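Remarks on the structure that follows.
The values are calculated or read from the model by the stated rules, or taken from the named source; none is laboratory data. Keep in mind it's a predicted model, so treat the numbers as computed, not measured. Ideal geometry is used to build each Cβ from the backbone, glycine not excepted, and the neighbour counts take in all protein chains shown.
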Amino acid sequence: MEILDAYVKGMPTGQKVVDLFEGEWSSKMPDSSLKSTPGTADLFDDARITWVADELGAFAGRCVLELGPLEGGHSWMMQQAGAAQVIAIEANTRAFLKCLCVKELFGLDRVEFKLGDFVCFLENNHEKFDVTIASGVLYHMSEPMKVLDLITRSADKLFIWTHYYDGAIIKGDSNLAYKFGEVECAIHEGFQYQQALQSYKQALDWAGFCGGPERTSYWLTRDSIIGFLKSVGFEKITVNFDHRDHPNGPAFALCAKRRPA
């Protein structure tokens, strides 16, 4: 490629913006006239985010912390729902640039996308948000229990969607088993939990890779996630989208509210 190949000809269009990342999109665009490839995920029309509003209260007027916005689909939904402010932190540079494309295409004037490691942000954050959205991030962490602890300090209302480790399911699926080590026991701040090492393998070869920043991560068990939330004061925990047969590994969503002080 030479520098002149970076120029675009013809009238400015939204499709030209989307095509900057042709072949790297995970999300379908909310405007059907825009074609994002492969773009199979309905992240701009996600029933999980609708469910969050039902469980934790409407987004209207709320200040939201979003961890790992990916391509801005959930950010768009929350602005559409009237959120006063969404702070969305993304570490993947290409995903961040896709978020900026979405911000420009759809006028997300109440969403601020920040480029950086949200773990560092959480470690240095002293603000309490109305709700924290952590969709598709926990299972990409090298220290997921530490991150879960930090998430619980950011808001008294949480939404988490994550894959989790279940030995019976994962060991019985040849498409998953080769990526995992044995379950390990560990302790965080006196809380005992279980996790298993996961390796991304060939997924790292795709330019649209949307995993974590390391070649491996740890998946917590379901009981470890729910048990820790209960141990730090989240009394009302509701589970939905519980997909034990998810092709990428068992997954579930939860909404959690901390008991009043």
message: Among (1) more than 20 Å from the chain's Cα centre (by Cα); (2) at pLDDT below 95; (3) within 20 Å of residue 48 (Cα to Cα), there is one condition residue 82 misses while meeting the rest; what is its number?
response: (2)
task: Sort out which residues of the stretch 237-257 are modelled with pLDDT of 95 or more and either farther than 25 Å from residue 184 by Cβ or among the small types (Gly, Ala, Ser) (or both), and write them in order of number.
output: 238, 240, 241, 251, 253, 255, 256, 257
statement: Taking the stretch 104-123 and keeping only residues that are on the phi > 0 side of the Ramachandran plot and either over 19 Å from the mean Cα position of the chain (by Cα) or in a strand (DSSP E or B) (or both), one is left with 107
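Residue by residue, here is whether (1) in contact with a helix residue (DSSP H, G or I) (Cβ under 9 Å, 6 or more places away or on another chain); (2) modelled with pLDDT of 95 or more; (3) hydroxyl-bearing (Ser, Thr, Tyr) holds:
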site: 1; (1), (2), (3): no, no, no
site: 15; (1), (2), (3): no, yes, no
site: 27; (1), (2), (3): yes, yes, yes
site: 51; (1), (2), (3): no, yes, no
site: 55; (1), (2), (3): no, yes, no
site: 73; (1), (2), (3): yes, yes, no
site: 105; (1), (2), (3): yes, yes, no
site: 109; (1), (2), (3): yes, yes, no
Residue match in the stretch 210-227 (condition: modelled with pLDDT under 95, more than 15 Å from residue 142 (Cβ to Cβ) and of a type outside the set (D, E, K, R)): yes
task: Might you check whether a residue that is surrounded by fewer than 19 Cβ atoms within 10 Å (Cβ to Cβ), modelled with pLDDT of 95 or more and not aromatic (Phe, Trp, Tyr) occurs anywhere in the stretch 155-165?
output: no
